């Protein structure tokens, strides 16, 4: 066999391999595209749709583009996405536009659904990598006053992970303040939450809340709760959720040696508003009527305002309030903190 014949066979073999592999290669690197109301368009990679904002990565910019979802009229992609609608329906498949303002979701060979753009509130690519499903935010604040050498340090953090049915969210916040001639103030709180999507607007909840603070003499409080929730309102402008269930509370106080245990019911609500230009608001309130301690009720409240800056930086200010109708002896029934911080968020 001549060398020319070998070269021809090798070339033919490589060409066949290329043809077999090229669909997967191009599918993996295929770009998504969106068309806006003014007929302009953007080509890149869809990262997510949440809180009324579509995030896209483009080859010509290091910074992700953030577009108001209601300005989009058409969307095209060869990838699979998880879609969530106002009505609480969730499904995944390939998306395309057949007419302006309408998104068609191809779930299976002969199964497809059509949704109006304004009815879609979340889009998440179904990628296998951990980082593509992970998000995080970290913000800090520090103040120093010459008078009485007053110092205050604030740390706030949040981490999240989302899959098709499950989502996990964790947070840790810390406050440390000291000054000459006064007792040092220490305060920390956090939570670990797991949510499971049920039918339509319903979800199952398992959550652990963590708290310590010197004002209420709480050495540690662990509140373990399970329950269910319902999206009362879920749109591209706001999200309002009602929650409730039962909890098991473990507490240890600075003034007591023994650990305190109690069983509580709990009800709560969370409101997110995010269609105010670069400003978003978040408010949560939880009430805990005790089942094992007569006339005791606790309330936890949080309110935050966040202002988005370029390059995923942001400014945040907010307050947290903890109330206990029956505090331990010598402790205050109310503790609150105001915080202003500068931070950065990560979402691949």
* Structure fact -> Taking a crude spin-label model, label points 7 Å out from Cα along the C-beta direction, the residue 150 to residue 184 distance in nm is 1.9
* Report the residue, chosen from 265, 58, 292, that carries the largest GNM mean-square fluctuation when the chain is represented by alpha-carbon nodes joined by springs under 10 Å. => 292
* Evaluate the relative contact order of the range 31-126 (contact order divided by residue number), counting alpha-carbon pairs under 8 angstrom at least 6 apart; express in whole percent. => 26
* To do: In nm, give the distance between the simple-model label positions of residue 176 and residue 278, each being 7 Å from the Cα along the Cα-to-Cβ direction.
  => 3.2
* Structure fact -> Helix 3-29: inclination vs the chain longest Cα principal axis, degrees, rounded to 10, gives 40
* Correct choice for P(r) over Cα pairs in 20 Å bins from 0, in percent that was computed from the model, options (i) 25, 47, 22, 6, 1; (ii) 28, 59, 13, 0; (iii) 31, 60, 9, 0 -> (i)
* Label point distance in nm, residue 114-residue 98, each placed 7 Å from Cα along Cα→Cβ -> 0.5
* Given only helices, namely DSSP H runs of n ≥ 4 each adding -39500 (n - 2.57), what is the per-residue ellipticity at 222 nm of the chain, to the nearest 500 deg cm²/dmol? -> -3000 deg cm²/dmol
* To do: Show me 158-164, 215-221 ranked by packing, highest mean number of other Cβ atoms within 10 Å first.
  => 215-221, 158-164
* Proxy reagent accessibility, fewest Cβ within 10 Å first, across 309, 31, 98 -> 98, 309, 31
* Asked: Among 44, 330, 88, which one moves the most in a GNM of the chain with springs linking Cα atoms closer than 10 Å?
  -> 330
* Structure fact -> Per the 1/(1 + (r/R0)^6) rule, R0 = 22 Å and r from the Cβ atoms of residue 295 and residue 260, FRET efficiency to 0.05 is 0.90
* Structure fact -> With 0.36 nm assigned to each residue of separation and the Cα-Cα distance removed, residue 66 to residue 202 gains 46.1 nm
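FYI, it's all coordinate maths here, none of it is from the lab. Computed from a prediction, not measured in an experiment: that's the story for all the values here. Ideal geometry is used to build each Cβ from the backbone, glycine not excepted, and the neighbour counts take in all protein chains shown.
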